[in-house]
1. Residues in segment B:135-173 that are surrounded by 20 or more Cβ atoms within 10 Å (Cβ to Cβ), more than 12 Å from chain A (Cβ to nearest Cβ) and among the acidic types (Asp, Glu): how many?
2. Let me confirm something: among B:Glu138, B:Glu191, which residue is acidic (Asp, Glu) and farther than 17 Å from A:Glu59 by Cβ?
3. Please specify each residue of segment B:285-307 satisfying the condition of being acidic (Asp, Glu) and surrounded by 11 or more Cβ atoms within 10 Å (Cβ to Cβ).
4. Might you let me know whether segment B:256-271 holds any residue that is touching a residue at least 12 places away in the same chain (Cβ under 8 Å), touching a His at 6+ places or on another chain (Cβ under 9 Å) and surrounded by fewer than 24 Cβ atoms within 10 Å (Cβ to Cβ)?
5. Only residues that are part of a loop (DSSP other than H, G, I, E, B), facing chain B (nearest Cβ under 7 Å) and more than 15 Å from the chain's Cα centre (by Cα): list them for segment A:2-50, please.
6. Given the conditions (1) in a loop (DSSP other than H, G, I, E, B); (2) free of Cβ contacts under 8 Å to residues at least 24 places away in the same chain; (3) within 30 Å of B:Glu395 (Cα to Cα), and given that B:Ser431 satisfies all but one, which numbered condition is not satisfied?
7. Please go through segment B:188-198 and pick out each residue that is of a type outside the set (D, E, K, R), more than 22 Å from B:Thr265 (Cα to Cα) and surrounded by 17 or more Cβ atoms within 10 Å (Cβ to Cβ).
Amino acid sequence: MPDEKFNFTKAYQEIEEINEWFQGENIDLDEALEKYERGMELIEKCRERLKEAENKFEEIKKKYTAEE
Amino acid sequence: MKINQSLKVEPIIEEKVFSVSEFLDFLNEKLKPCWAIIQGEIGEKIWNYPRFTYFNLLDKDGSVLKCFVWREVIENLGIDLESGGMKIKVMGYPEFRKDKGEVNFQVQRIELVGEGILKKQYEILKKKLAALGYFALERKKPIPRFCENIGLITSKFGKGALKDFKTNLGKFGFRIFFYDVRVEGSFAIDEITQAINWFNQNMPKLDVLVLTRGGGDWESLQPFNSEDLVKAISASKIPIITGIGHEDDTTLADLAADLRVSTPTDAAKILNENWKLASIKVYEFGRNLNLAIKGNFKDIKEKIIFYGQDLVKRVKKEILLKAGRLDDLMRNLSLSFKGYFNDFQILERNFQQNFLTVKSLIKNQELKINQLSEDLNKDQSRWGTAAKKNLKQQEEKLIRSSPILKLKQGYTITKDSFGKIIKDPTKLKISQMIKTKFYKGQVSSKIKEIE
């Protein structure tokens, strides 16, 4: 079954939000540093995920289907 | 051998004699697995009853198969059966009717044959299912932005749909769970609906189901125009992408799907799209973040320098302002003090002058007092002598007029009992006591007679 240790969609969305936050005005430096670190960490993870490129293919065995 | 055989303990199999009913039941049990798909034309007459229908299925050579069908099977078809040559395929099994002694074909599903009638059926079903809301946009489930776990429903024996999908799927770490189904023919509908249900029951966390098959003529796509499949797609909790046939084939399954693409290749491409974009964007985001943080630092540094300079300026200005005020204050103070000093000097001068005056006044007074004192001393001795003389004279005068002297000369003084000097004896009474004082001593006497 699908593993749920790293959620690419959530991570990517958070990166987008951080990126958008940086476009805003009145940025607090402490917060900026925190968001920067978080953003870079997520970007690294996403890059790693994108590197794991090979697809996995699995055929469902239908022992129980009626007509086979 | 014979003896040995006769010694074997074996159950005696009795010859089975059926009743007619039992035999028909027995036959029907045997016939039920004889599933078949039969194509033919509907005969000249259709016997419609409220819950079921009979009709004859004919071949060109005159062969006849009597068919029984429940009303709901016809309703699922979407269109009524027409007598007199309508081409259909029936799917079902044979069964003996016990009351008539004839074989009926129990129809489980009917499919129309011929593009014209199929189009007609398609339009009618489309209208019906649309009215029931199966194609409504608000029923469509969103396709996750990044699909990782995909349930693939197609045939591994098809015209390359599986291959097309797999080869066009980018290497983004997809996990594909493939469920092989027939995508054509009468069994396809059941298999595809089973596959959809299986994924929903066993792998409900899949991101998406992809239902796909390659192109074919309109008739071969019929499973995808069935009401049962539309309902299964609609009931799926997992969103479904369909890629069926060619660009211009829009099956009812496509209309019910959450997202419809034209072909298996397109289905793969649409799943790649966001991953492709992300693999570019993720680098861009990294760059942007670096630039943004650098920009922020620069910004803040500039602000600090600006505020620093501004602060020095402002403090300087403030200091100058205060210094000016302090100068003014000092000036005012020194002016005030100058006035006070002047006044004080005048006072001091006045005081000195007054002091001298007072001093000379005191001196004069002292002289005067001394003079007076001297004069007084002189007067005192002069007055003292005169006073003494005067006093002597007065003393002598006094001595001369003293009653003691009178007494000495022999006069007496008589007083009553109260000490009062008696000058008029008429006021006295007989026997009253009186005292008479002499120069030396005194006597008490009682009055005897008053004259």
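1. Total satisfying the criteria: 1.
2. Just one listed residue meets the conditions, B:Glu138.
3. Taking segment B:285-307 and keeping what is acidic (Asp, Glu), we get B:299, B:302.
Within segment B:285-307, B:Asp299 is the sole residue that qualifies.
4. Initially, segment B:256-271 is screened for residues touching a residue at least 12 places away in the same chain (Cβ under 8 Å), giving B:256-271.
Checking the rest, the ones that are also touching a His at 6+ places or on another chain (Cβ under 9 Å) come to B:262-263.
Filter once more, keeping what is surrounded by fewer than 24 Cβ atoms within 10 Å (Cβ to Cβ): B:262-263.
Within segment B:256-271 (the criterion being touching a residue at least 12 places away in the same chain (Cβ under 8 Å), touching a His at 6+ places or on another chain (Cβ under 9 Å) and surrounded by fewer than 24 Cβ atoms within 10 Å (Cβ to Cβ)), the answer is yes, since at least one residue qualifies.
5. Step one: filter segment A:2-50 for residues part of a loop (DSSP other than H, G, I, E, B), giving A:2-7, A:24-28.
With facing chain B (nearest Cβ under 7 Å) added as a condition, the list becomes A:2, A:27.
The answer is A:Ile27, and nothing else.
6. (3)
7. Going through segment B:188-198, the residues of a type outside the set (D, E, K, R) turn out to be B:188-189, B:192-198.
Okay, now just the ones that are also more than 22 Å from B:Thr265 (Cα to Cα), so B:189, B:193-194, B:197-198.
B:Ile189, B:Thr193, B:Gln194, B:Trp198 - these are the residues of segment B:188-198 that are of a type outside the set (D, E, K, R), more than 22 Å from B:Thr265 (Cα to Cα) and surrounded by 17 or more Cβ atoms within 10 Å (Cβ to Cβ).
Matching residues to (1) touching a Leu at 6+ places or on another chain (Cβ under 8 Å); (2) at pLDDT below 90:
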| residue | (1), (2) |
| --- | --- |
| B:Pro94 | yes, no |
| B:Gln108 | no, no |
| B:Ile117 | no, yes |
| B:Lys128 | no, no |
| B:Phe135 | yes, no |
| B:Cys147 | yes, no |
| B:Thr154 | yes, no |
| B:Lys159 | no, yes |
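The values are calculated or read from the model by the stated rules, or taken from the named source; none is laboratory data. On a predicted model such as this, the values are computed, not experimentally measured, just so you know. For neighbour counting, all protein chains shown are included, and Cβ atoms are generated from backbone atoms with ideal geometry for every residue, glycine included.
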